[in-house]
Amino acid sequence: MSRDAGSAAWFAFRGGELLVIQEGAAARVPAAAEWTALGLPAEEPLIAGSLEGAEAWTVGIPSEVAIELPEGLAFQGLRRLWGVLDEEVWKLAGRAAQIVEWNRNHRFCGRCGAETARQPEELARVCPRCGLQQFPRISPAVIMRVERGEELLLARSPHFAPGVYSTLAGFVEPGESLEEAVAREVREEVGVEVRNIRYFGSQPWPFPHSLMIGFVADWDSGEIRPQESEIEDAGWFGIDGLPGLPSRLSIARALLDDFISRRR
């Protein structure tokens, strides 16, 4: 099959922004013929997955090239496109963004510096000189709802929108289990010990290449002492006194909505 024949969609990224066709309050990504007609400069195309049984491709557009888009087309960040794109398209866009970024950042071997080569049968780049294989990077991160009876432990980071609080989260360290990461992150960020750690769910998170793994844990001991470099404020909140909450696109919000629904 040619690159264009039968392709359901093209996910074209300039930096971290996706090319979309705006249609009123909604948007979509270009179909194969629409992408070809644009004639935009592009990097090597890669398979992103499939939509409605047809191949979907992803490609990077060099940021340094000046581009004038036709009316109705725009580059937009994925966060802004939540609820604007179809949900399945948005999820695939997250995968596509990570593939493009990985391919762009691993053109040369990190061990010997030789130019790497794409592998036709899998998402991998291989060094022809030393044999090092490089696959798309995924960074596991834990995100946890800490409960104390009818209260939730919520915190805000300095980069959050004004008034918004969320659950605690952090990246898993080498040699650490997910449960150990939960306990350590809570301890480091707010000085609290937790117990009864149990799995909630997971979410791929393309900002930039994380897998968010959700847990629920019970407060065990300790008073809140926010980590100054990470946490601006933290506290215990009942459902009748909740602050601003994170966007519904995140697993953080799913963790909180689950808690709220069980108490109403």
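Structure summary
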| item | result |
| --- | --- |
| Mean separation of Cα contacts under 8 Å, 6 or more apart, over the residue count of region 57-189: relative contact order % | 14 |
| Most to least packed among 36-49, 11-24, 218-231 [average Cβ atoms within 10 Å] | 11-24, 36-49, 218-231 |
| Candidates His209, His159, His106: whichever shows maximal mean-square fluctuation once the chain is modelled as a Gaussian network with Cα springs under 10 Å | His159 |
| Helical mean residue ellipticity (222 nm; -39500 (n - 2.57) per DSSP H run of 4+; nearest 500) of the chain | -6000 deg cm²/dmol |
| Assigned charges on the beta-carbon of Lys, Arg, Asp, Glu; region 5-81 dipole about Cα centre (debye) | 240 |
| Candidate residues Met144, Met212: accessible-area rank, largest first, probe 1.4 Å | Met212, Met144 |
| Over region 82-210: Rg over Rh, Cα atoms, Kirkwood Rh | 1.07 |
| Rh by Kirkwood over Cα pairs, then Stokes-Einstein D for region 82-127 at 1.567 mPa s and 4 °C, µm²/s | 106 |
| Radius of gyration and Dmax over the Cα atoms of region 138-231, both given in Å | 12.8, 36 |
| Cα pair distances of region 205-264 binned at 5 Å [whole percent] | 4, 12, 18, 24, 25, 13, 4, 0 |
| Principal axis dimensions, largest first and in whole angstrom, of the chain by Cα | 60, 51, 34 |
| Descending semi-axes in Å of region 1-133, equivalent ellipsoid built from Cα gyration tensor | 28, 16, 14 |
| Computed lengthening from Glu151 to Glu176, 0.36 nm per intervening residue step minus Cα-Cα distance | 6.2 nm |
| Accessible area of the chain divided out per residue, in Å², using a probe of 1.4 angstrom | 52 |
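The values are calculated or read from the model by the stated rules, or taken from the named source; none is laboratory data. All of these numbers come straight from a predicted model, not from anything done at the bench. Here Cβ is always computed from backbone atoms with ideal geometry, including for glycine, and neighbour counts include all displayed protein chains. Protein only, heavy atoms only, side chains kept; ligands, DNA and RNA dropped before computing areas. Shrake-Rupley method; radii C 1.70, N 1.55, O 1.52, S 1.80 Å.
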